[in-house]
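What follows draws every value from the coordinates through simple rules; no lab data is involved. It should be emphasised that the depicted structure is a prediction, and the values quoted were computed from it without experimental measurement. So basically every Cβ, Gly included, is an ideal-geometry build from the backbone, and we count neighbours across all protein chains shown.
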Amino acid sequence: MAHKGLIFGIFLAPFHRVGDNPTLAMRRDIELIEWLDQLGFDEAWVGEHHSAGWETIASPELIIAAAAERTKHIRIGSGVTSLPYHHPYMVAQRYVQLDHMTRGRSMLGCGPGALVSDAYMLAIKPEDQRRRMDEALDAIYRLLKCDGPVTMKTDWFEMREARLHLAPYSDPHFKIAVASTQTPAAMVMAGKYGTAVLSLGAGIPGGPEALANQWKIAEDEAAKHGRTMNRKDWSLVVNMHCAEDDEEALRQVSKGERHETVTYFEETLGRPPGRADDPLREGVKMGTTLIGSPETIARGIDRLIENSRGGCGGFMFRASEWANRADTMKSYELFARWVMPRYQGSIDTLAASQKWARDNRPTIFAPSVAAVKKAYTDAGREAPEDYKQRLLGARDAEQK
């Protein structure tokens with residue numbers, strides 16, 4: 001199955017187990033983005049979190065700026081900026097500056113705030129988070145138009161004749177995306193404002209089956225506002241680990257996955273324990289987790305695209321440290337070498353050229369037998385014994 005033009009990248013929360021040196025962990029995060037840039041990945045989205053021990057980046061903008069200076073091509077965005085935590089004017093100003101500093105390679109990912117503990121410390125009620133996100137997005141888009149002062153007043157921020165100091169570097173502005181899980185809220189906002197979408201729900205149980213309906217929510221809302229959603233702006237976020245074969249891939253990540261799931265998501269964040277005896281294999285079977293050989297992962301990508309009922313624009317892999325560092329870096333290399341080209345059209349002409357040469361070998365290469373023999377004869381020399389055998393093989397191929 002051919003799906004050309006897909007983009008690939010990572011969703012870097014990040015996830016670093018408690019006890020790991022956080023200073024070194026941040027350095028690894030930046031080095032990972034550098035490695036992905038060398039491998040030809042398209043995007044990296046960096047998260048914002050303020051509590052619970054594991055997700056240690058408080059300011060995605062700082063990581064974006066540092067990584068941008070060490071890379072050449074990859075686009076780097078916040079995955080995501082929790083809009084209810086920030087005055088929208090300041091968010092717009094910071095990302096316009098990054099837009100200039102990166103020459104258009106920075107992106108703004110938006111969300112209501114993933115960790116309830118973050119919102120609790122800021123005295124933000126959970127029921128207010130999505131409303132605040134909507135109000136902040138409205139303000140940011142109005143500011144980015146740069147067509148006059150913006151005056152707004154809500155119960156949590158106010159702008160008085162506000163205008164951006166700098167206009168965006170990108171035309172009309174940098175890429176903006178919303179992160180969606182399973183609720184309709186993010187897809188409604190994507191349709192309302194015309195943003196790109198990062199579907200984290202694709203990687204949770206029931207997520208693949210819900211993809212088509214989720215996208216329809218965005219399309220229906222966009223239609224209300226005179227817009228049309230573009231599937232190329234839709235990325236699915238899933239777990240991925242690639243190794244030479246399926247069993248090796250599972251062996252490399254099984255211990256790390258269990259530690260993260262049990263100690264962070266279950267014991268710290270309160271997620272109910274899973275019921276599967278082998279959660280990783282179950283995830284691969286359900287299509288929410290891509291672990292295995294390049295062939296297995298390609299089949300998983302194809303299944304997710306089929307579930308979208310119309311296609312998507314790309315895949316972002318949830319950057320984890322389930323495997324050791326060497327195997328993690330090798331996983332991305334294997335994916336870039338053996339999976340990515342299938343979805344970008346870069347090997348199609350090579351395969352066609354090989355087939356053409358193979359199918360027409362007797363006609364195209366046979367004349368070289370006589371030409372090589374003549375070259376030796378003209379020089380008054382006899383071909384070496386090993387070359388005589390090659391000539392005989394070529395003659396046999398010609399006769400066939």
What is the total of Lys pairs in region 7-347 with C-alpha atoms under 14 Å apart, excluding same-chain pairs fewer than 8 positions apart? 5
In what sequence do L115, L122 fall when counting other Cβ within 10 Å, fewest first? L122, L115
Listed by chain and number, the residues whose amide H is under 5 Å from that of M240, excluding neighbours fewer than 5 places away on the same chain and using placed H, are L290, R318
So what's the net charge close to T102: Lys and Arg +1, Asp and Glu -1, counting the other residues with Cβ under 13 Å from its Cβ? +2
Highest-MSF residue in the chain out of Q97, Q354, Q214 [GNM, Cα springs under 10 Å]: Q354
Work out how much length R361 to K285 would gain on full extension: take 0.36 nm times their residue separation and subtract the Cα-Cα distance, in nm to one decimal. 23.0 nm
Hey, fewest Cβ within 10 Å first, where do Y120, Y169 land in order? Y120, Y169
Alpha carbon centroid spacing (whole Å) that separates region 125-168 from region 354-381: 72 Å
Take peptides 77-83, 60-66 and line them up by average Cβ neighbours within 10 Å, highest first, as a rough protection proxy. 77-83, 60-66
Highest-fluctuation residue, P172, P384, P279 considered, GNM on the chain with Cα pairs under 10 Å: P384
Over the chain, what relative contact order in percent results from Cα pairs under 8 Å that are six or more residues apart? 16 percent
Of all DSSP beta bridges in the chain, what percent run antiparallel (nearest 5)? 10 percent
When you have a sec, figure out the Kirkwood radius of region 242-390 from all distinct Cα pair distances and drop it here in Å to one decimal? 19.8 Å
Diffusion constant of the chain at 37 °C, which comes from Stokes-Einstein with the Kirkwood Cα-pair radius and 0.692 mPa s, µm²/s: 140 µm²/s
Least to most buried among L290, L304, L108, by other C-beta atoms within 10 Å and fewest first, runs L304, L290, L108
Full-extension gain in nm, H87 to E248, via 0.36 nm per residue minus C-alpha separation: 53.2 nm
Expected sort for 39-50, 216-227, 306-317, 341-352 on mean C-beta neighbours within 10 Å, highest first, is 39-50, 306-317, 216-227, 341-352
